[in-house]
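For reference, the structure discussed in these notes is given below.
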């Protein structure tokens, strides 16, 4: 079977003072190959923990993760990751960064160069091939990060707020690029974001997580990602369902935040 | 006090002249348009003119107070008295008194001069003469040729007509006369404001001596050999220290056992100044090359270990995660992520270590060595060759500066991504 299944995943951090944090409790989720899932939630709801477990950087305290029929136990090239920022290797040129995965696998040079050239074309950075990554703008750096991830041809791409540090205009362009890449490559993508709009635009499926303990609160299936593949994202935002959905989710997250603050006040 | 006043005067005068000139030239760049400059560090750039004038002033001051031949004479500070001067003394014995003249020739130290012949004159006190070198003073036994000497109860009671008692001083032409406890006049020529060459030779004297040492060497070794030995010790000590320290630092950054085991040692040894190890190293390894290299190895080791350790700890975890997700093995992470990421820190450490090693080698050579920059200045100071001491200090400074420049250049070439992560 292909796809990713997350089976009743729990994660508990014991603190030195004897108390503990239940970062995730009994989270279950099935993703078919080629689905794009966006994850929303207030801070502290365990989104990043979930992503780190899927990436294999953390082992869950209970539950398991099955990808394409085998259990996930650690990081692997089959699950690529795009970070918010700062994960590029600044001692390498753009070309070397994108070619990092194939180099590690020992891919022949000609084949690697072809992959790199193709991906730099896709993300529109052909002219910046030999530049150092720190010479690029934030948006360009994230395009390098995307290309680097794709160069390895992973089954699943994990994105931890990849567009969070970009300005609004660049962000919009990058959202279109992510949608385009998703459609063209057919990768399974899990995207964590703080922006409700971004989650709605990009997520074919969307989960809203709730904190204390971290769990899945609500799940949606959305039509906007499919619309956005062929249309301007600004047009998609004018869709009659878009506004109400955004309000609904915003209110949901707002209520959770209120609850956390209220809880804190009561505790004090 | 006077040199300080002159220095401050030049500082202030140069400031007003230069700022006036620059304002007059109407230089307008971005910084000059900033209205808030006090407290804005980026608006404070070293004034190039100030830098040049500062260096020139140092040489100017050096020339002024050593009577350098590089400066026109009117710029010199008053020099020591040179020439022939006279003073009279009045001797009293058995109720009678008599005057006599003392002729003193004050001559430069390097020209030996005899006391001039003088006419003895009348009375029981006869005229005297003496030759005294500049910056020195001399007792003049005036009663030596007198008919009534000290043993006959004669005493000097006045100089140039001013009464004087033992311990008192009278100013005369070209110097001062002080009566010693036993009543003998002691003539001290005026020193002027210049430094005696023994304490501070003129710039050209240092230069001449440098040429001399370059061509004929010092203590059986040429100048290049002296400096070469020091550099050789630094480089060997530093390289061994880095070869051991960097892997140690990596191990401490990557393994909790290594970190736990070596942390107490490194943290304890780091604050121990390498100079404090010199006695122990001499006891253990003697004063030969081995001892010096061990000392410099120890000086570089801890610095390099700590630099490598913090270079490893400074790796952003997202980079390591990214590399793992791209399929890199542990060895590949080490080779392609951890080592390049730690290079900037290691270069910073290397610069510090080279500086410390250079200082340490000079100090170690001061204590005991057969050749080397430190040995050269220490030996020269024992023989009062101040010019060689000053030459040595300047060369040590130039080499230390050169090493630092070289390391910075290497850093720019080899780790251009420093601070860009």
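Determine whether residue B:238 is buried (at least 21 other Cβ atoms within 10 Å of the Cβ), within 25 Å of residue B:394 (Cα to Cα), touching a residue at least 24 places away in the same chain (Cβ under 8 Å) and not assigned by TED's automatic domain parsing to the domain that holds residue B:70. Taking the combined requirement at face value, the residue satisfies it. Between B:93, B:77, B:125, the distinction of being surrounded by 17 or more Cβ atoms within 10 Å (Cβ to Cβ) and free of Cβ contacts under 8 Å to residues at least 60 places away in the same chain belongs to B:125 only.
Checking each residue in region A:103-137 for being more than 24 Å from residue B:324 (Cβ to Cβ) and within 14 Å of chain B (Cβ to nearest Cβ) picks out A:130, A:131, A:135, A:137.
Within region A:213-247, the set of residues being over 14 Å from residue A:198 (Cα atoms), touching a strand residue (DSSP E or B) at 6+ places or on another chain (Cβ under 9 Å) and not in a strand (DSSP E or B) comprises A:213, A:214.
The number of residues in region A:46-96 that are within 26 Å of residue A:139 (Cα to Cα) and more than 10 Å from chain B (Cβ to nearest Cβ) comes to 9.
Here is a yes/no grid of residues against (1) loosely packed, with under 15 Cβ neighbours inside 10 Å; (2) under 19 Å from residue A:174 (Cβ atoms); (3) free of Cβ contacts under 8 Å to residues at least 24 places away in the same chain:
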{"residue": "A:41", "(1), (2), (3)": "no, no, no"}
{"residue": "A:75", "(1), (2), (3)": "no, no, yes"}
{"residue": "A:80", "(1), (2), (3)": "no, yes, no"}
{"residue": "A:84", "(1), (2), (3)": "no, yes, no"}
{"residue": "A:87", "(1), (2), (3)": "no, yes, no"}
{"residue": "A:115", "(1), (2), (3)": "no, no, no"}
{"residue": "A:121", "(1), (2), (3)": "yes, yes, yes"}
{"residue": "A:128", "(1), (2), (3)": "no, yes, no"}
{"residue": "A:155", "(1), (2), (3)": "no, no, no"}
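Taking every residue in region A:240-252 that is over 18 Å from residue A:210 (Cα atoms) and pairing it with any residue that is crowded, with 17+ Cβ neighbours inside 10 Å, at least 6 positions away or on another chain, the pairs with Cβ-Cβ distances below 7 Å are A:242/A:200; A:242/A:224; A:242/A:236. Screening the candidates A:65, A:15, A:24 for the property of being at pLDDT 85 or above and crowded, with 23+ Cβ neighbours inside 10 Å yields one hit, A:24.
Take the conditions crowded, with 23+ Cβ neighbours inside 10 Å and modelled with pLDDT under 90 and apply them to residue A:46. Does it pass? Here the answer is yes, as residue A:46 does meet what is asked.
For (1) buried (at least 18 other Cβ atoms within 10 Å of the Cβ); (2) touching a helix residue (DSSP H, G or I) at 6+ places or on another chain (Cβ under 9 Å); (3) farther than 29 Å from residue B:360 by Cα; (4) in the same structural domain as residue B:108 (by TED's automatic domain parsing), each residue gets a yes or a no:
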{"site": "B:196", "(1), (2), (3), (4)": "no, no, yes, no"}
{"site": "B:199", "(1), (2), (3), (4)": "no, yes, no, no"}
{"site": "B:223", "(1), (2), (3), (4)": "yes, yes, no, no"}
{"site": "B:272", "(1), (2), (3), (4)": "no, yes, no, no"}
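Taken over region B:148-172, the residue count meeting the criterion of being more than 22 Å from residue B:120 (Cβ to Cβ) and either within 45 Å of the chain's Cα centre (by Cα) or assigned to a loop (DSSP other than H, G, I, E, B) (or both) is 9.
Only one of the numbered conditions (1) under 27 Å from residue B:189 (Cβ atoms); (2) surrounded by fewer than 11 Cβ atoms within 10 Å (Cβ to Cβ); (3) touching a residue at least 24 places away in the same chain (Cβ under 8 Å) is violated by residue B:110, and that is (3). Restricting the search to helices (runs of 4 or more DSSP H) fully inside region B:266-345 and requiring at least 2 residues that are free of Cβ contacts under 8 Å to residues at least 24 places away in the same chain, at negative phi and within 14 Å of another protein chain (Cβ to nearest Cβ) gives B:317-325, B:330-333.
The values are calculated or read from the model by the stated rules, or taken from the named source; none is laboratory data. None of the values given here were measured: they were computed from a predicted structure. For neighbour counting, all protein chains shown are included, and Cβ atoms are generated from backbone atoms with ideal geometry for every residue, glycine included.
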